[in-house]
There are 2 protein chains.
Amino acid sequence: MVFRNGLEALLLAALREGPLHGYAIAQRLRRESGEVLRFGESQIYPALHALERQGLVSTSWEPQDGRPPRRVYAITPQGSARLEQQTREWHRFSRAVSSLLGSSETSDRTRKEALGHA
Amino acid sequence: MVFRNGLEALLLAALREGPLHGYAIAQRLRRESGEVLRFGESQIYPALHALERQGLVSTSWEPQDGRPPRRVYAITPQGSARLEQQTREWHRFSRAVSSLLGSSETSDRTRKEALGHA
DNA sequence: TCACTATACATCGATTTTCGAGGTATTCGG
DNA sequence: CCGAATACCTCGAAAATCGATGTATAGTGA
């Protein structure tokens, strides 16, 4: 919703600590979000390709003996810069939404009282 | 990104403290978010209509003398319930994304050091 | 007066995102 | 052998976003 290119930011974040292949990135986002974020492969792979076209990640094919090779992604310096920028934007966005929605729950009355009812 | 029906949650939130007409809702979201959230009318009106179809808001036309009448929206009990549920989901979602992205910047090295490098 | 901006409602269509379903190929457990 | 997991990928429907356009009125400034 409204926060553009959010997936790309998460993808770049997943690569911050080292190169990974696509499937591993998807699992990582899933695991580290406590199953909250579950991106399908049909979202992951095209987004990764877009990142590559923009030069935000670089890729190499790693041969696996026996099985088909894996495509490994690494974040580039431009990718890191974009990640920082996107992270700042995310925090701005998320602060704005959170303040409009209010901290979980709080009927109207409860909320005003919590604020010292002014 | 990825957080479904986010606009609807914000629309419901805007009505928490009393009925408003569509245009005023748009301005409210804009103002109270510090210009961070800027929804166009082509997003607001259809979303409001969808909310009405779902019984989450009720509407009435308020005649203005001279000018065309305004459509005023009020949140219903079902709308309040949905807002609470959506707010909880937002917080889960936003916590997950924030923890993956990290608190605004921090290069990889800086970040580990900040955590006591462990 | 004329133009422009703001208020206030709304739709349309192009673009972008999301997501389920499919397709290929290999390995491993039962 | 079958199903699940790994690993890559595309397609197409559905949903969301966004700019343009249309109607109508009121107010501001040139």
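Across the identical copies, the 7 Å label point of A:Ser103, projected outward along Cα→Cβ, sits 1.6 nm from its counterparts, in ascending order.
By the beta-carbon count within 10 Å of each Cβ, the least crowded to most crowded order of A:Thr87, B:Thr59, fewest first, is B:Thr59, A:Thr87. In the protein assembly as shown, the DSSP-assigned H stretches of four residues or longer account for a calculated mean residue ellipticity at 222 nm of -17500 deg cm²/dmol, using -39500 (n - 2.57) per stretch and the full residue count as denominator.
State the extension gain, in nm to one decimal, for the chain segment bounded by B:Glu35 and B:Arg95, taking 0.36 nm per residue of separation less the distance between their alpha-carbons.
Full extension from B:Glu35 to B:Arg95 adds 19.3 nm.
With the Cα gyration tensor of chain A giving a ≥ b ≥ c as the square roots of its eigenvalues, does the rule (a/c under 1.5 for rounded; else a/b larger than b/c for prolate; else oblate) give rounded, prolate or oblate? Judged from the Cα gyration tensor, chain A comes out prolate (a/c at least 1.5, a/b above b/c). Across the stretch B:68-77, coupling constants 3J(HN,Hα) worked out from phi with the 6.51/-1.76/1.60 Karplus curve, θ = phi - 60°, read x, x, 9, 9, 9, 10, 10, 6, 9, x Hz, and Gly and Pro carry x.
Using θ = phi - 60° in the Karplus curve 6.51 cos²θ - 1.76 cosθ + 1.60, the 3J(HN,Hα) couplings for the stretch B:93-101 round to 4, 5, 5, 4, 5, 4, 6, 6, 7 Hz; x is entered for Gly and Pro.
Cβ-to-Cβ counts within 10 Å put A:Val72, A:Val97, B:Val57 in ascending order as A:Val72, B:Val57, A:Val97, the fewest first.
Structure remark: mean-square fluctuation, Gaussian network model of chain A, C-alpha springs under 10 Å; the largest value among A:Gly22, A:Gly34, A:Gly102 belongs to A:Gly102.
Here B:Glu41 yields copy-to-copy label distances, from shortest upward, of 4.7 nm, the label point defined as 7 Å from Cα along Cα to C-beta. Copy-to-copy label distances for B:Ala24, where each label lies 7 Å from Cα along Cα-to-Cβ, are 5.6 nm in order of increasing length.
Backbone geometry of the stretch B:20-36 corresponds, through the Karplus equation with coefficients 6.51, -1.76 and 1.60 at θ = phi - 60°, to 3J(HN,Hα) couplings of 8, 8, x, 4, 5, 5, 4, 5, 4, 4, 5, 4, 6, 9, x, 6, 6 Hz, x marking Gly and Pro.
Here the contact order of the stretch B:6-114, divided by its residue count and restricted to Cα pairs under 8 Å and six or more residues apart, works out to 27 percent.
The residue in chain B that lies nearest, by its beta carbon, to the axis linking chain B with chain A is given here with the distance in whole angstrom as B:Ser94, 3. Which of the three applies to the stretch B:1-66, rounded, prolate or oblate, going by the alpha-carbon gyration tensor with a ≥ b ≥ c and a/c under 1.5 meaning rounded? Note, shape of the stretch B:1-66 comes out oblate. Cα centroid separation, the stretch A:61-75 to the stretch B:1-80: 49 Å.
Bear in mind these aren't lab numbers, they're just calculated from the coordinates by the rules spelled out. On a predicted model such as this, the values are computed, not experimentally measured, just so you know. Cβ coordinates were reconstructed from backbone atoms using ideal geometry, including for glycine residues, and neighbour counts include every protein chain displayed.
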